[in-house]
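Values quoted throughout were computed directly from the atomic coordinates according to the rules given, and no laboratory measurement underlies them. As the structure is a prediction and not an experimental result, all values here were calculated from the model. Backbone-built Cβ (ideal geometry, glycine too); neighbour counts: all protein chains shown.
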Amino acid sequence: MAESLVPSSRPPLSQRVPLDQALHEIVARLVEHHPSDDPSVVRHAHRLLDAKRRELGDAVPVEYALDTAGVLADLRLDPSAVAAALVARLVVDHELEVAEVAAELGEDVGTLLDGVRRLATIRWDRIEEEAAESLRKMFLAMAQDIRVVMVVLAMRVQRMRSLRDGVFDEEECARYAQETLDVFAPLANRLGIWQLKWELEDWALRALEPEIFDEITRLLDERREERQAFIDEVVRTLKDELAAEGIDATVKGRPKHIYSIYKKMQRKQLNFEQLYDVSAVRVITRRVQDCYAVLGLVHATWVPVPAEFDDYIAKPKDNGYQSLHTAVIGPRGRPVEVQIRTQQMHQFAEFGVAAHWAYKERKSGKALAQDKFMLLRQLMDWERDVADPHQFVESLKTDIFEDQVYVFTPGGDVVDLPVGSTPLDFAYRIHTMVGHRCRGARVNDQIVPLDYELKTGERVEILTQKMPQPSRDWM
């Protein structure tokens, strides 16, 4: 797979094909993924859009509307959501009445647009002052219909793409980019919609730090052919090993995202060449047990990198993401990251909550209701986690998955602990008596103090004494 060196892995739909063909492609995707739904509402929405364009002129850029709708079609949302995306800017920017749209396109589209209009009134650059009201609006919209937020996210993706067109001044570009990093990318992250998260982050970095963005792009591009040859070698080797073991799996290179490289360089204080996951491959299996078989095969083929393993299958991320992540010293002594997941996990990783709508054709009403209940409970838990609105805003602005570390027992079991945990915390997590009898600890076969801060991927062994003897110093 060729690497992606720009925020979007491919140009917007309206730039790939003529505008009338773009509409046909969107409708074709809807027919493919929602065969029992009538796509005519999307054609009706396009006619309404075209009529307003003739009335208002260039103030209604049809290509932007098609791009927004194309984002949702790519995520396999239903015709009503795609139709709402086509005309959303008419409601938000040109004060077209929701009731008028509902009369033309139906109540479902009207309800979605009413939610979009409400969220569009939020000034995210003033979120500190209006946090409580703004967030209540967002969660109310989510609770009523998550598709509202999906439309808003698609609108934000399109807006970030349009920054390159020069339609906004420098100050506006900076404001939109900062809002995107503070609110919209974390929201996409929380909802598991990785495609949107990555694109939003890359566009925002390009606007806020153009020199850094260009430098990372240059570094990636400089050795693209060499790195692609390396990835091809890794993929070939893995395919041969999997075939020899009779494991049915797909292996392919994984495109990198510039913002994630930038953040990892910052967080770990590493230079570009020290990153383990600039080169990466993904293995997609049929069964969960095959994931662990592949992991064993990868570790048997190449030397694992200490502290670079995560088991998100045993311990999924808060948004439901599941996968095994490991890094190894691959061919030519070069590090490579390997992700391993089932096809079902991969679909969820690609589409996040959108998968609940993308696959509704295959689900019973009971299963769909259960999906929606789980999603709403997750969102409400997120809101309840932080009672103070200002603190909640700060939680939006941080990586919500950086609050846990994952360490190994000597037997290879994974134990999750809060960031900042010590070997003593680990001992008490294993069992109260193990904690009471603790007299010391080894981490990766090295003696460490009991107040040592554990890091993900470390192997922890607790040294015990026969009689329980907790120390006052532990308090």
Rg over Rh [alpha-carbon atoms, Kirkwood Rh] for segment 40-104: 0.94
Label D240 and Q446 with points 7 Å out from Cα along Cα→Cβ: what is the distance between them in nm? 3.6
Pairs beyond 27 Å (Cα-Cα), from K197/K239; K239/K263; K239/K455; K256/K315: K197/K239; K239/K263; K239/K455
Label-point separation, T217 to V167 (7 Å along Cα→Cβ), nm: 2.0
Would you mind calculating the gained length between T432 and A174 on full extension (0.36 nm times residue separation, minus the Cα-Cα distance), in nm to one decimal? 87.7 nm
Cα pairs beyond 19 Å in segment 215-320, in percent, come to 53
Given labels modelled 7 Å from the Cα in the Cβ direction, how far is it in nm from E225 to A307? 3.7
If you average the C-alpha positions of segment 414-468 and of segment 34-87 separately, how far apart do those two centres end up, in angstrom? 57
Between A120 and K315, what is the FRET efficiency for a Förster distance of 56 Å, r being their Cβ-Cβ separation, to the nearest 0.05? 0.90
I'd like the FRET efficiency for V288 and S260, computed as 1/(1 + (r/R0)^6) with the beta carbon distance as r and R0 of 30 Å, rounded to 0.05. 0.70
